[in-house]
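Reading through the structure tokens given below for one structure.
Throughout, read-outs are computed from the coordinates displayed, never taken from laboratory work. Bear in mind that the values here come from a model prediction, so they are computed numbers and not experimental data. Here the Cβ positions follow ideal geometry from the backbone for every residue, glycine too, while neighbour counts run over all protein chains shown.
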Amino acid sequence: MRITIRLFARLRDIAGAGELVREAPDGASVGAVWAGLVEEFPELSPYQKSISCAVNADYSRFTAAVADGDEVAFLPPVSGG
Amino acid sequence: MAALTAITTATLDTEALVRTLDTTGVGAVTTFIGLVRDHNLGRRVLHLEYEAYDALALRGLDLIVTEAAAEWPAVRLAIHHRTGRMEIGEASVAIAAASPHRADAFAAARYAIERIKQIVPIWKHEYFEGGDVWIEGATADPDNTEARAHARKLACA
């Protein structure tokens, strides 16, 4: 299946793009998508403990399953206000 | 009439924000305006660039309005957050809370800004004298009950 990955702030800088389209095995979890991304961009790995995630613009969990066409976003610690 | 919640690149207009609120039965309106400060952690800040995951950030603001309504049922809340480049002294966020009585309006506005800093996917890119850095604060998890309790505690302090 094909998914769109959205990256923001420092994560976007590290990957060099805010949006990536990647293949993922059927039934893959958000966590598996992140693992694939870290493999591609090892510099992301320190963010493992501090990021949160979203699927289709809604807060999600790393254990959540991803479906074909989903937009999976990884969020570094936020600093709005 | 503008929306109660918004993520916008436009200059924030606090008076317009207040006008989004239904003031029937209201005796107090508090507003909070967050400004771009000229210093941070000993650095001289030149300007900020705010980035957001717009769709989720709007959902986050709506969630805060819902949470505040559960906590202070009589309060009406409006929140606009700006993104993009902002100069020193410009408003990055504006919150308006209307209530029959002042205590709840103050509390809800404080709660809202604390929750924004906890859960809304917005990031500051700070440009300071000598460099630039992404500011990283809280891991955004609306289900973190400890964080929410902390925001409530600050609001009611």
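By count of other Cβ within 10 Å, fewest leading, how are B:127, B:50, A:47 ordered?
B:127, A:47, B:50
Among A:49, B:153, which comes first, then next, by fewest other beta-carbon atoms within 10 Å?
On the way: A:49 7, B:153 11.
Lowest count first: A:49, B:153.
For a footprinting-style exposure proxy, rank B:24, B:5 by other Cβ within 10 Å, fewest first.
In order of increasing Cβ crowding within 10 Å: B:24, B:5.
Would you list which aspartates and glutamates come within 17 Å of residue B:153, measuring only between C-alpha atoms, while excluding same-chain residues fewer than 8 positions from it?
List returned: B:67, B:71, B:104, B:114, B:143.
Report, in degrees rounded to the nearest 10, the 0 to 90 angle that the Cα long axis of helix A:30-40 makes with the longest principal axis of chain A.
So the inclination is approximately 70 degrees.
Enter the Cα centre distance for the pair the range B:43-104 and the range A:6-81, rounded to the nearest angstrom.
25
Can you tell me what percent of all Cα-Cα pairs in the range A:2-75 are more than 14 Å apart?
On the way: 1432 of 2701 pairs.
For the range A:2-75, the fraction of Cα-Cα distances above 14 Å is 53 percent.
Given the rule -39500 (n - 2.57) for each run of at least 4 DSSP H residues, summed and divided by the residues of chain B, what is its mean residue ellipticity at 222 nm, to the nearest 500 deg cm²/dmol?
Working: 4 runs with 54 residues, N = 157.
Computed ellipticity for chain B at 222 nm equals -11000 deg cm²/dmol.
Starting from the Cα of residue A:49, draw a straight line to each of the lysines and keep only those under 19 Å, dropping any in the same chain fewer than 8 residues away.
The reachable lysines, counting only those whose Cα sits under 19 Å from residue A:49, are B:117.
Given 25 °C and 0.890 mPa s, how large is the Stokes-Einstein diffusion coefficient of the protein assembly as shown in µm²/s, with Rh as the Kirkwood radius over Cα pairs?
Estimated via Stokes-Einstein, D reaches 132 µm²/s.
I'd like the FRET efficiency for residue A:26 and residue A:56, computed as 1/(1 + (r/R0)^6) with the beta carbon distance as r and R0 of 22 Å, rounded to 0.05.
Efficiency computed from Cβ-Cβ geometry: 0.80.
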